[in-house]
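The values are calculated or read from the model by the stated rules, or taken from the named source; none is laboratory data. Computed from a predicted structure; not experimentally measured. For neighbour counting, all protein chains shown are included, and Cβ atoms are generated from backbone atoms with ideal geometry for every residue, glycine included.
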Amino acid sequence: MEFITNNWMLIAIALSSGGLLMWPVLQGATAVGIDPAGAVQLINREKANVVDVSDASEFAAGHIVGSKNLPLAELEAKLAGAVKNKTLPLVLVCQSGARSAKAVDIAKKLGYEQAQSLQGGLKSWKGANLPLEKA
């Protein structure tokens, strides 16, 4: 007990540095979806459908080649008409990954069990130097 009272500052520093070292691991555990490399594999190997849930102006500024634009507000009403095969993987994309994470819940509710969000959205896609097209 005397050791703890004499060295409380060192113990506090050790605990806080350990917490800071664990922070990235804990952050990674909360990330949902698929990384850009995994998305490319799904698109190329399993014929995944890509749906961009960004607004029309964002979609026109740049999107993944071959993706379809269904803004998040219209997703529930129009997804079944745009993507008919529910057995194929579905990659949902937006600018940052926040809207596409919400879109995954909507798609799964509609029966698209292989729906996934692109982690980091188009920002991570661009960061991986993958191609975009403009409308």
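Yes or no, residue by residue, for (1) in a loop (DSSP other than H, G, I, E, B); (2) among the aromatic types (Phe, Trp, Tyr); (3) within 15 Å of residue 124 (Cα to Cα):
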{"position": "12", "(1), (2), (3)": "no, no, no"}
{"position": "17", "(1), (2), (3)": "no, no, no"}
{"position": "21", "(1), (2), (3)": "no, no, no"}
{"position": "38", "(1), (2), (3)": "no, no, yes"}
{"position": "44", "(1), (2), (3)": "no, no, no"}
{"position": "66", "(1), (2), (3)": "yes, no, no"}
{"position": "76", "(1), (2), (3)": "no, no, no"}
{"position": "79", "(1), (2), (3)": "no, no, no"}
{"position": "102", "(1), (2), (3)": "no, no, no"}
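Each row is one residue, and each column tells you yes or no for (1) touching a Ser or Thr at 6+ places or on another chain (Cβ under 7 Å); (2) in contact (Cβ under 8 Å) with a residue 12 or more places away in the chain.
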| position | (1), (2) |
| --- | --- |
| 41 | no, no |
| 50 | yes, yes |
| 83 | no, yes |
| 101 | yes, yes |
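Applying the set (1) farther than 15 Å from residue 48 by Cα; (2) surrounded by 18 or more Cβ atoms within 10 Å (Cβ to Cβ) to residue 104 leaves exactly one unmet item: (1).
For residue 91, all conditions in the list (1) touching a residue at least 40 places away in the same chain (Cβ under 8 Å); (2) among the hydrophobic types (A, V, I, L, M, F, W, C); (3) touching a strand residue (DSSP E or B) at 6+ places or on another chain (Cβ under 9 Å); (4) not in a strand (DSSP E or B) hold save one; what is the number of the exception? Result: residue 91 fails condition (4) only. Among all residues of the range 67-76, there is at least one that is polar (S, T, N, Q) and at pLDDT 95 or above. Taken over the range 105-121, residues that are part of a helix (DSSP H, G or I) and of a type in the set (Asp, Glu) amount to 1.
For the range 36-77, the set of residues classified as charged (D, E, K, R) and either loosely packed, with under 14 Cβ neighbours inside 10 Å or not assigned by TED's automatic domain parsing to the domain that holds residue 123 (or both) consists of 45, 46, 47, 74, listed by residue number.
Any idea which of 97, 111 is over 12 Å from residue 49 (Cα atoms), modelled with pLDDT of 95 or more and not aromatic (Phe, Trp, Tyr)?
On the way: 97 fails: modelled with pLDDT of 95 or more.
Testing whether each residue is over 12 Å from residue 49 (Cα atoms), modelled with pLDDT of 95 or more and not aromatic (Phe, Trp, Tyr) leaves just 111.
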